[in-house]
Every structure is written in structure tokens, then in C-alpha cells.
1. When Tyr115, Tyr171 are ordered from fewest to most other Cβ atoms inside 10 Å of their Cβ, what list results?
2. Given points 7 Å out from each Cα along the Cα-Cβ axis, report the Arg373 to Lys125 separation in nanometres with one decimal.
3. Which peptide among 327-336, 350-359 comes first, and what is the full order, when sorted by highest mean count of other Cβ atoms within 10 Å?
4. Just need the relative contact order of the chain here, percent rounded to a whole number, with Cα pairs under 8 Å and 6+ apart.
5. As a check on your grasp of the helix formula, calculate [θ] at 222 nm for the chain: sum -39500 (n - 2.57) over DSSP H runs of n ≥ 4, divide by the residue count, round to the nearest 500.
6. Using 0.36 nm per residue, how much length does the chain from Leu114 to Tyr452 gain when fully extended, once their Cα-Cα distance is taken away?
7. Run the numbers on the stretch 219-267 and let me know its relative contact order in percent, using alpha-carbon pairs under 8 Å that are six or more apart.
8. Among 403-411, 288-296, how do they line up by average Cβ neighbours within 10 Å per residue, starting with the highest?
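A short reminder: the numbers here are calculations on the coordinates, not readings from a lab. All values derive from a computational prediction rather than experimental measurement. Neighbour counts are summed over all protein chains in view; Cβ atoms, including those assigned to glycine, are modelled from backbone coordinates with ideal geometry.
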Amino acid sequence: MTDVQTAKPEVDETPAPSGSNGGSSGATSSTTPSSRAQALAAEQAEYLFPWVRPYYEQPLVMSDAEGVWVRDVEGDEYLDLFAGILTTSVGHCNPAVLDAVRTQMARIGHTSTLYVTEGQIEAAKSLAEITPGELKTTCFTNSGTEAVESAIATARLHTGRHEIVALRLSYSGRSSLTSHMTAQKGWRLPFGGSAGIVHARSPYTYRSPTGDDSTDLFIDDLVEVIETTTSGKPAAFFAETIQGVAGYVVPPADYFQRAAEVVRSFGGLVIIDEVQAGFGRTGKHWFGIEHWGVEPDIMVMAKGIANGFPVGATVTRPEIAEAWQGPSISTYGGNPISMAAARATLDVMKREDVPTRADARGQQLRAGLDSLRDRYSWIGEVRGMGLMQGVELVSDRARKTPDPDRAAALLGAAKEERLLIGRGGSNGHVIRIGPSLLITAEEMEEGLKRFYAACERADG
Ligand SMILES: Cc1ncc(COP(=O)(O)O)c(C=O)c1O
């Protein structure tokens with residue numbers, strides 16, 4: 001038994017952890033922040049909505065970057081193992097992406113969907129080369145949130161049904177609908193948007209009440225949720241392949257096959273969110289779902305698709321897309337500049353065979369993280385796939401008590417070591433790592449060295 005039920009739900013992906021910068025040697029920016037960084041943080045608080053909340057007690061103000069390295073306004077250099085939330089997939093300021101964007105901007109920067117945009121067609125064709133099976137029809141948007149919205153609208157239009165079965169602990173975005181598909185209290189807007197959305201148990205084996213990694217519990221719950229909280233006619237099942245914000249929750253091997261069978265037996269579509277896990281990040285395959293041999297009906301992508309340029313994509317089979325005839329427009333969706341970035345990023349990813357690279361570097365990263373489990377009793381589990389690896393921190397290994405304070409301390413300690421990592425988990429107690437897919441073996445080695453040093457600081 002775990003005490004997951006009693007854990008205080010305190011979600012954390014981006015909020016500044018308190019007490020995160022304790023202890024330092026040789027550090028400058030977090031102990032003696034520059035007046036410029038302080039002034040900018042103060043101005044951010046004055047002029048931006050309060051939800052725009054950066055990491056760290058002394059927020060980091062980045063000024064320039066290259067590959068996996070970023071510099072702050074102070075001139076300090078950091079090794080970035082979080083890539084702006086798994087987004088700079090081919091490294092900061094990748095020259096091929098920069099060239100493509102500069103060239104496009106000098107030709108034409110904006111069209112809107114009222115005109116045929118060549119770059120949009122090229123990007124969709126490039127995407128269709130790597131998407132599984134029959135998935136080849138794409139709708140481009142400006143963010144993951146909007147890509148999820150489009151997927152849900154498509155499923156509802158195609159099936160003529162309304163209800164969506166999502167998973168607990170999921171994160172789907174910040175709009176009214178997607179914040180309610182999200183099933184972590186802190187990320188949900190406190191009003192509207194939840195009609196027709198139900199949630200089945202997350203396949204979170206580490207905190208499974210049965211104490212094992214059997215899939216039955218999760219599948220039984222999925223069936224029960226459909227049978228008891230829907231009309232029995234769901235439009236779709238919606239799931240991330242690896243639940244990212246939840247702390248890289250990887251389902252058991254047969255989960256998706258069985259879940260897809262269940263949902264399809266009720267006539268629903270299978271929508272898979274690859275916003276975090278897509279584009280080779282999980283190693284060996286282009287998309288996470290390919291590890292489990294399921295061909296989704298609709299896929300959602302964003303983040304790594306354009307190396308930081310704002311692009312979301314919803315991809316499906318032609319006969320499903322057919323259901324959405326419009327009228328509908330997107331002023332910026334599929335715009336020439338974002339599409340140039342997406343095409344160039346996809347070209348680099350294909351040329352560099354990022355699934356193979358992520359597999360190799362992921363094994364290196366995983367071996368390094370696994371070696372820490374014997375050293376620190378506060379490491380409950382190391383998990384993930386490829387270059388998406390997480391470390392769940394607990395204050396009591398036997399009881400699996402989430403330890404958000406240690407996670408905050410470790411995040412701050414990593415900054416002291418000039419290392420950028422991320423945080424997640426339903427209690428903000430999971431460390432998340434997800435660097436550029438082009439990270440080299442030497443850079444990974446350096447990252448691990450800094451992570452070990454950060455763990456030493458955060459110990460005790
Ligand atoms: C799995 C998943 N889906 C959707 C989103 C929403 O993407 P965006 O922040 O681009 O709107 C996110 C963002 O973190 C995500 O992790």
C-alpha cells in the first residue's frame with residue numbers, strides 16, 4: 001500500500017519552489033543575483049499576470065543560448081537538460097532552423113489560412129512520413145493546448161458524441177476545456193469546461209494500490225468509468241503516452257493495447273497526446289505509442305516539433321478529418337515562419353536519426369540515474385524512456401511518501417551547479433530530465449556529473 005491517497009496535492013511544473021537555493025559554493029547568480037535579473041523579475045511581477053511564475057527563488061533570466069548551453073544576463077553558463085520543457089528538440093538556436101526561419105521571414109511572414117501556404121503543405125507532408133499507419137491529415141495550430149482542443153473537436157464531430165475519457169494525473173493545457181481534461185487539482189481552472197469529461201485511473205504502477213504493475217486494475221477502472229460515468233457512448237479516450245507533468249508516468253507494456261480495445265468496443269476513438277513524448281524522445285521510435293503497437297485514430301503534437309517556435313499539430317486519418325468542414329480559420333496556425341521552423345526541425349531530426357540517438361543517450365542517462373538509487377534513500381523510483389527520464393523523490397521509501405521539499409532543494413541545488421532540470425509530479429516531487437535530442441555523450445556525462453553534485457548538496 002502507498003500513501004498516495006493522503007498525499008497533499010500540490011502540483012508543480014513551473015512555480016518557484018520555496019527554499020530551493022539553500023547552500024552554495026562558487027555560485028553567483030542565485031546567491032548574489034544581479035540587479036538586472038532582480039529588476040526584470042520585479043517588472044515581470046508588475047506587468048505580467050501572476051500565473052506567469054518562473055522557477056527558483058531568484059528566477060533565471062536567460063539571455064542567449066546554443067545547443068544545450070544557455071547563458072543568463074549575468075554571463076553564467078548553464079547546461080540545459082530540460083530544453084524549455086522538452087521543446088528545443090534539436091538544440092537552442094539550431095543553425096538549420098535559424099536559416100530556414102530567416103529565409104522565410106525575408107520572403108513572406110504571414111498569410112493566414114485564407115490562402116494556400118506552401119510551407120504548411122510541406123510540413124504536413126514531412127510529418128506524414130513519420131506518423132504511424134494511415135495518419136496523414138494535419139491541422140496546425142499555435143500550441144499544444146490548441147492541438148488538444150482540435151483533437152477533441154474532431155473526435156466529437158466525427159462520432160457525433162460528446163463524452164471524453166481522459167486519465168487522472170494528466171496534463172492537457174490551460175484553456176477552459178483542456179484544463180478540465182487535466183486531472184491535477186492545481187492546474188485546473190476553478191470554473192466551467194468540464195462537461196462530458198471523465199477520468200479513469202492513471203496507469204501509475206509505482207503508486208498502484210495493489211502494489212504491483214498488473215494492468216488489470218487500470219483496465220477494470222477504465223471499463224467501470226465508462227460504464228458508470230458516461231452514457232456508454234464515449235467520443236474518445238484521450239491519453240499521453242507517458243504522462244509528462246505527472247512525473248513521467250510510463251504505463252505497463254500491455255496497457256495501451258488493452259485500453260484501445262476497451263474504448264473501441266464502446267465505439268470511441270483513441271486520441272494519443274505526444275506533446276512531450278513525440279519526435280523520437282522515447283528512443284527507437286518516432287512516437288511513444290509505437291512502443292506499444294497501437295495505431296491511434298488521432299495524434300496530438302507540439303513542443304519539440306518546431307524547436308521552440310509555436311506549433312501544435314493534430315494528425316488523423318482523412319475520413320476522420322472529413323468530419324470538420326468548418327467554417328473555421330486560424331490567423332496564425334500554419335503560418336509561414338512557424339512552418340519553416342517545423343520543416344527544418346523535422347529535417348534535422350530525420351537526418352540525425354533522433355530516435356536512435358535518444359535511445360543511446362537515454363541509456364546513458366538512465367544508467368547514471370539508476371546508480372543514485374542505492375546512494376540516496378530518498379530516491380523512490382527512477383523511470384522513463386529514452387531522453388525522458390524522471391526521479392521520484394520520497395521521504396520514506398517503504399511508504400512512498402512524496403517529498404516535494406527535497407525536489408525543490410534539488411532543483412535549486414542543480415541551478416547552483418549550473419544545471420537546468422525540471423520538476424513535476426502530483427505533489428511537485430518528481431525531477432524531470434528531457435534535454436535536446438542532439439545532446440552528445442560528453443554533454444550527457446557533464447550533465448550527470450553536475451546532477452550528482454546537486455544530489456550531494458540536496459542530501460541531508
Ligand atoms: C502532454 C501535454 N499536452 C498538452 C500540453 C499543452 O501544450 P502548450 O503548453 O503548448 O499549450 C502540454 C504542455 O505542457 C503537455 O505536456
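1. Tyr115, Tyr171
2. 4.7
3. 350-359, 327-336
4. 24
5. It comes out at -11000 deg cm²/dmol, rounded to the nearest 500.
6. 116.4 nm
7. 49
8. Output ranking for 403-411, 288-296: 403-411, 288-296.
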